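The values are calculated or read from the model by the stated rules, or taken from the named source; none is laboratory data. All of these numbers come straight from a predicted model, not from anything done at the bench. Please note: Cβ atoms are built from the backbone with ideal geometry, for glycine as well, and neighbour counts cover all protein chains shown. Protein only, heavy atoms only, side chains kept; ligands, DNA and RNA dropped before computing areas. Shrake-Rupley method; radii C 1.70, N 1.55, O 1.52, S 1.80 Å.
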Amino acid sequence: MAGAKHILVINGPNLNLLGSRETEFYGKDTLEAINARLAKRAGEGGARLATYQSNSEAELVERIQQARREGVDFILINPAAYTHTSVAMRDALAAVGIPFVEVHLSNVFARESFRRESYFTDIAVGIISGLGASGYELALEFALQYSGKR
Ligand code: DQA
């Protein structure tokens, strides 16, 4: 694969509140603004980009399963609080076998100890944590030139 062509960006619970939520950790960009920048860049890079946010674990699992049926070839995912709890989302990603990068706005290793545990990192291609909204953009650059297969 010479760069991802069909990319899905998934955001988990409370990330719909970006822009107003604990801005010292998560910055002032809204999710809408971040997604718009990602869509623009993906278009320039010759890829299609879809975005999805939900506060519901079940809906997030469904969306991951749907990704395989749609032919999504790379996922950027910020599982938010489900990072630290969701075996179901991990299993969904493992089941679909789509390569993904785990993104966190904040540096999860510099916060409460429970945030250091992730159900995703060991099956991710990689992780970006602590670079704010630019973490999504850097992950997208990676996806646009990704050539490996899991
Ligand atoms: C987060 C970090 C998580 O620990 C937290 O529950 C979030 C956001 C981040 O982007 O830094 O909701 O994933």
Tell me what the chain gives for mean residue ellipticity at 222 nm when only DSSP H runs of n ≥ 4 count, each as -39,500 (n - 2.57), the sum divided by the residue total, rounded to 500 deg cm²/dmol. -10500 deg cm²/dmol
Given H placed on each backbone N at 1.01 Å, which residues far from SER129 in sequence or on other chains put an amide H within less than 5 Å of it? HIS104
Would you mind telling me the share, in percent, of accessible area of the range 46-150 contributed by carbon and sulfur at probe 1.4 angstrom? 49 percent
Taking a probe of 1.4 Å and leaving out DNA, RNA and ligands, the chain shows per residue an accessible area in Å² of 47 Å²
Please list 3J(HN,Hα) in residue order for the range 129-135, calculated via the Karplus relation 6.51 cos²θ - 1.76 cosθ + 1.60 where θ = phi - 60°; whole Hz, with x for glycine and proline. 9, x, 9, x, 4, 5, x
With DNA, RNA and ligands ignored, accessible area of THR85 (1.4 Å probe; Å², nearest 10): 80 Å²
Put +1 on the Cβ of each Lys and Arg and -1 on the Cβ of each Asp and Glu in the chain; which of SER113, ILE123, ASN55 then has its Cα farthest toward the positive end of the dipole? ILE123
What order do ARG115, ARG63 take when sorted by accessible area (1.4 Å probe), most exposed first? ARG115, ARG63
Shape call for the range 14-95, from the Cα gyration tensor axes a ≥ b ≥ c (a/c under 1.5 means rounded, otherwise prolate when a/b beats b/c, else oblate), comes out oblate
Within 10 Å, count the other beta carbons around each residue, average over each peptide in 39-46, 68-75, and list them highest first. 68-75, 39-46
Rounded to the nearest 20 debye, what is the charge dipole size of the chain about its Cα centre when +1 sits on each Lys and Arg Cβ and -1 on each Asp and Glu Cβ? 320 debye
Kindly write out, for the range 15-30 in residue order, the coupling ³J(HN,Hα) from the Karplus curve 6.51 cos²θ - 1.76 cosθ + 1.60 (θ = phi - 60°), rounded to whole Hz, with x marking Gly and Pro. 6, 5, 8, 3, x, 10, 8, 5, 4, 5, 9, 10, x, 9, 5, 7
Can you give the Rg/Rh ratio of the chain, where Rg is from the C-alpha atoms and Rh is the Kirkwood radius? 0.93
Using θ = phi - 60° and the Karplus form 6.51 cos²θ - 1.76 cosθ + 1.60, what ³J(HN,Hα) does each residue of the range 100-109 get, whole Hz, x for Gly and Pro? 9, 10, 8, 10, 10, 5, 8, 7, 5, 7
Heads up, I need the accessible area for TYR82: 1.4 angstrom probe, whole protein in place, Å², nearest 10. 50 Å²
Does the range 86-150 come out rounded, prolate or oblate, given a ≥ b ≥ c as the square roots of the eigenvalues of its C-alpha gyration tensor, rounded meaning a/c under 1.5 and, failing that, prolate meaning a/b above b/c? oblate
